[in-house]
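The values are calculated or read from the model by the stated rules, or taken from the named source; none is laboratory data. On a predicted model such as this, the values are computed, not experimentally measured, just so you know. Neighbour counts are summed over all protein chains in view; Cβ atoms, including those assigned to glycine, are modelled from backbone coordinates with ideal geometry. Just so you know, the surface numbers come from the protein's heavy atoms only, side chains and all, with ligands and any DNA or RNA stripped out. Shrake-Rupley method; radii C 1.70, N 1.55, O 1.52, S 1.80 Å.
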Amino acid sequence: QVQLVESGGGLVQAGGSLRLSCSASRIIFSSFAFGWYRQAPGKQREWVATIRSGGIPNYADSAKGRFTISRDNAKRTVYLQMNSLKPEDTAVYYCKVVVARGDYWGQGTQVTVSS
């Protein structure tokens, strides 16, 4: 079974930065696209960014210009560099991969941005 483990969350002041990591196992890592999603309290989970197997990124409007998604196939890890963080970025951030047998999610990592 595919396993995804996120890390790197924490408490940061507005304007600060964090880098999230998503480590994957039991998957041919380089063959798949990975996505970052987030869920704020009382809100639905929303898409943040995706990186394709070839490294092409896509971003939600809320992430454009501030967040950068990247991948290191050798380390089997996907990153989300978040700069210029805002209080509204506060959420649990999840990593997701879609494979033939279904969607897999990590357990999430909490990001809290104080004003």
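With the requirement that a residue be under 29 Å from Ser115 (Cβ atoms) and either small (Gly, Ala, Ser) or surrounded by 15 or more Cβ atoms within 10 Å (Cβ to Cβ) (or both), what does the stretch 59-71 give you? Tyr59, Ala60, Ser62, Ala63, Gly65, Arg66, Phe67, Thr68, Ile69, Ser70, listed by residue number.
Of all residue pairs spaced 6 or more apart or on separate chains, those with beta-carbon atoms under 7 Å, a first member in the stretch 77-98 that is farther than 17 Å from Gly65 by Cβ and open to solvent by less than 10 Å² (accessible area, probe 1.4 Å) and a second member that is aliphatic (A, V, I, L, M) and modelled with pLDDT under 95 are Val97/Val2; Val97/Ile27. For Ala74, the criteria (1) open to solvent by 50 Å² or more (accessible area, probe 1.4 Å); (2) without any contact (Cβ under 8 Å) to a residue 24 or more places away in the chain; (3) closer than 30 Å to Ser115 by Cβ; (4) of a type outside the set (D, E, K, R) hold in every case but one, which is (3). Note on the stretch 1-112: enclosed strands (runs of 3 or more DSSP E) holding 1 or more residues that are among the hydrophobic types (A, V, I, L, M, F, W, C) and under 13 Å from the mean Cα position of the chain (by Cα) are 3-7, 18-25, 34-39, 46-51, 67-72, 77-82, 91-99, 102-105. Within the stretch 47-55, does at least one residue satisfy the condition of being charged (D, E, K, R), in contact (Cβ under 8 Å) with a residue 60 or more places away in the chain and farther than 15 Å from Gln3 by Cα? No, that holds for no residue.
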